[in-house]
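Chemist: Sharing a structure, written as structure tokens. Questions coming.
Coordinate-derived values only; no laboratory data. It should be emphasised that the depicted structure is a prediction, and the values quoted were computed from it without experimental measurement. Note that we place each Cβ from the backbone using ideal geometry, even for glycine, and neighbour counts take in every protein chain shown.
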Amino acid sequence: MKLTFSPASPFARKVRIAAIELGLIDKIEFVPATVVPGQANDEYSRDISPLKKLPVLILDDGSTVLDSYVIVEYLDELAGGGKLIPASGPTRWRVKTDHSILQGMLDSMLLCRYERMVRPKELHWSAWADDHWQRAWNGMAMFEGRQDVLSGPFTIAQIGLVCVLGYADFRFADCGWRKSFPKLDAFHQKMLQRDSVKISVPPAA
Ligand SMILES: N[C@@H](CCC(=O)N[C@@H](CS)C(=O)NCC(=O)O)C(=O)O
């Protein structure tokens, strides 16, 4: 299998952590891809995904699996199922919902970053970027109070939270999340003891 990848992408990091934790990392070839908002990549759009986003998992028969959540679900099934996404019961739906919130936080952080850093200055819309940042911040505030996630078993929700906090450090280094959310800070430090989390920290910006 191949995975379109960038070390800066929090979504690709989620898949990398999951693949390591599931013991599947050696079965995946990481293929660096350049997809930039505001720039066409006709080959990628035609051959890999019309959405022009990474990560995409390309199976040996040439078919594709996306997006990052679906890739993790696919890998989880390959590893026997129920490892990072509970197989059934109320926990399954709680973990999936937590992950959806974290996914939305990452989407908002990315939009915020694109608005502030990629969009030409004269076209900036601060209220819109601030609104998206606030969604991410409100999500962090919510997870600060979720002891069940912070000290619970390692699932895709915890992986998602690690990716949110790592992306906050990477792209919004001055946002002060550690000071505002000490329980998230303790969680993040604990998670960094896992090899999968440590080796996937985004490169210095
Ligand atoms: N929902 C997607 C989001 C993926 C995503 O937004 N990837 C970003 C990189 S972090 C991207 O490819 N952006 C390029 C673009 O929008 O042109 C997932 O979970 O995989």
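Chemist: Can you give the FRET efficiency for K2 and V201, using 1/(1 + (r/R0)^6), R0 = 30 Å, r = Cβ-Cβ distance, to the nearest 0.05? Show your work: numbers first, answer last.
Modeler: Numbers: r = 23 Å, r/R0 = 0.76.
Efficiency, rounded to the nearest 0.05: 0.85.
Chemist: Taking amide hydrogens as modeled 1.01 Å from N in the peptide plane, which residues meet the under 5 Å criterion relative to V31, leaving out close sequence neighbours?
Modeler: Amide H neighbours of V31, under 5 Å, 5+ apart: L3, T4, F5.
Chemist: Could you work out the relative contact order of region 89-195, using alpha carbon pairs under 8 angstrom and six or more residues apart, expressed as a whole percent?
Modeler: Once normalised by length, the contact order is 31 percent.
Chemist: Just rank V197, V56, V70, V15, fewest to most, by other beta-carbon atoms within 10 angstrom.
Modeler: Values: V197 23, V56 26, V70 11, V15 29.
Taking fewest neighbouring Cβ atoms as first place, the list is V70, V197, V56, V15.
Chemist: With no solvent and one point on each alpha carbon, what is the Debye value of log10 I(q)/I(0) for region 30-143 at q = 0.18, 0.20 Å⁻¹?
Modeler: One equal scatterer on each Cα of region 30-143 leads to -1.09, -1.16.
Chemist: Take the Cα coordinates of region 91-135, assign each an equal point scatterer, and use the Debye formula without solvent to give log10 I(q)/I(0) at q = 0.22, 0.23, 0.28 Å⁻¹.
Modeler: Debye curve over Cα of region 91-135, log10 I(q)/I(0) at q = 0.22, 0.23, 0.28 Å⁻¹: -0.69, -0.72, -0.90.
Chemist: As a footprinting exposure proxy, order I17, I58 by other Cβ within 10 Å, with the fewest listed first.
Modeler: I58, I17
Chemist: Among DSSP beta bridges whose residues both lie in region 2-78, state the antiparallel percentage, nearest 5.
Modeler: 50
Chemist: Using only the alpha-carbon atoms of region 3-91, report the extent along each of the three principal axes, biggest first, to the nearest angstrom.
Modeler: Its Cα atoms span 42, 27, 22 Å along the three principal axes.
Chemist: Out of the DSSP beta bridges found with both residues in region 1-150, what percent are antiparallel (nearest 5)?
Modeler: If we restrict to bridges inside region 1-150, about 50 percent are antiparallel.
Chemist: Which of H99, H124 comes first, and how do the rest follow, when ranked by fewest Cβ neighbours within 10 Å?
Modeler: H124, H99
Chemist: Checking understanding here: applying a Kyte-Doolittle mean of at least -0.5 and a length along the axis of at least 24 Å (C-alpha), which whole DSSP H helices in the chain pass? List each step's numbers first, then the result.
Modeler: Values: long enough: 89-113 (37 Å, -0.29); 126-144 (26 Å, -0.81).
Helices passing the filter in the chain: 89-113.
Chemist: Relative contact order for the chain: what percent, with Cα pairs under 8 Å and sequence separation of 6 or more?
Modeler: After rounding, I find 24 percent.
Chemist: Given q = 0.21, 0.22, 0.24 Å⁻¹, what are the Debye log10 I(q)/I(0) values for region 89-195, with equal point scatterers placed on the Cα positions and solvent ignored?
Modeler: Taking Cα atoms of region 89-195 as identical point scatterers yields -1.10, -1.19, -1.36.
Chemist: Taking a virtual spin label 7 Å from the Cα of F154 along the C-beta vector, which residues in region 21-36 bring their backbone nitrogen under 13 Å of it?
Modeler: In region 21-36, the label zone of F154 (backbone N under 13 Å from the point 7 Å along Cα→Cβ) covers 21-25.
Chemist: Same structure, new question: How high is the relative contact order of region 1-101? Use alpha-carbon pairs under 8 Å, at least six apart in sequence, and give a whole percent.
Modeler: With pairs under 8 Å counted, the relative contact order is 30 percent.
Chemist: Rounded to the nearest 500, what is the 222 nm mean residue ellipticity of the chain from helices alone, with -39500 (n - 2.57) per DSSP H run of 4+ residues and division by all residues?
Modeler: Mean residue ellipticity at 222 nm (helix-derived): -16500 deg cm²/dmol.
Chemist: Given a Förster distance of 25 angstrom, what is the FRET efficiency for S45 paired with R119, based on the Cβ-Cβ distance and rounded to 0.05? Write out the running numbers ahead of the final one.
Modeler: On the way: r = 21 Å, r/R0 = 0.83.
Approximately 0.75, to the nearest 0.05.
Chemist: In whole Å, how far is the Cα centre of region 51-102 from that of region 158-205?
Modeler: 21
Chemist: In whole Å, what are the extents of the chain along the principal axes defined by its C-alpha atoms, from largest to smallest?
Modeler: Cα spread of the chain along its principal axes, largest to smallest: 46, 44, 30 Å.
Chemist: Ok, one more. Compute the length gained on full extension between Q193 and R178: take 0.36 nm times their separation in residues and subtract their Cα-Cα distance, giving the result in nm to one decimal.
Modeler: Stretched fully, the Q193-R178 segment lengthens by 3.6 nm.
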